[in-house]
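Okay, so here's the structure we're looking at.
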Amino acid sequence: MVPSRIGDHCPWPGLAVLVRAAAAQGYRLELCQSLPPWALRILPVGLEVRLLRGERLLGVMKAWSQPLAGIHLDTLQVQPGAGRAGLWLWGATLGWCLEGPGLRRAWLLAIDDGAVQHRRLLRYFGRLGFVPLRQVRQRLVDVPDLLLWGGTGCLMVADVQPVLEGVLARLSRWIDQSGQAAGQAE
């Protein structure tokens, strides 16, 4: 079921429209789904953004979902100079959450691999709408989170809908709600 609106002033055009709009801007979004043997009821999601010409990988968002918990965003990598690839990744991933399995919460670990980079990640995810939940450190009490996330950092959470609304607002110039791609490639 595709919601026609995700907020009072933010229409959700649908994942198909988002994919077409990204393609009109020179990006190809690919949804790759598989189920690793250890996950059983966990659905991994990988969205790759590639240039239509040349197939150079610009970015990847890897995640997995748990129906009651939401989506766990595991990896976000965007190449320097990739333009709006990161925004298209966020839009497609969060749109898939609402349109597909109906996931309403998003979780991520802002990894702590250096003070400067960690602050940068906290600021970036905070601007998107994620809020800090707790620090995951190398302590006995954190072992479950260390095993789940694979490292230390700040565990953050957000409601999918407002984060998607913010991303769509930034991409609205290139998305026509009628289902056609809008705007010209820059």
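The values are calculated or read from the model by the stated rules, or taken from the named source; none is laboratory data. A quick note: this is a predicted structure, and the numbers were derived from the prediction, not measured. For the accessible areas, the whole protein counts, side chains as well, though only heavy atoms, and no ligand, DNA or RNA atoms are used. Shrake-Rupley method; radii C 1.70, N 1.55, O 1.52, S 1.80 Å.
Descriptive notes on the structure:
- Amide H to amide H distances under 5 Å link LEU103 with LEU98, where only residues 5 or more positions off or on other chains count and H is placed in the peptide plane.
- Per-residue HN-Hα couplings for the range 81-91 [Karplus 6.51, -1.76, 1.60; θ = phi - 60°; Hz; x = Gly/Pro]: x, 8, x, 8, 3, x, 5, 5, 4, 4, x
- Karplus 3J(HN,Hα) series, Hz, for the range 112-119 with 6.51 cos²θ - 1.76 cosθ + 1.60 (x for Gly, Pro): 10, 10, x, 4, 5, 5, 5, 4
- Table column - 3J(HN,Hα) (Hz), the range 93-98, Karplus curve with 6.51, -1.76, 1.60, x for Gly and Pro: 5, 6, x, 4, 4, 6
- The range 54-178: C-alpha gyration tensor shape, a/c 1.5 cut-off, then a/b vs b/c: prolate
- Cα gyration tensor category, rounded, prolate or oblate, for the range 69-119 with a/c compared to 1.5: oblate
- Close amide-amide hydrogen proximity is noted between ILE175 and ALA182, each under 5 Å apart and 5 or more residues distant or on a separate chain (H modeled in the peptide plane; Pro and chain starts excluded).
- The range 106-180 shape via C-alpha gyration tensor axes, a/c threshold 1.5: prolate
- Accessible surface calculations at 1.4 Å, restricted to protein heavy atoms, place the range 76-186 at 53 Å² per residue.
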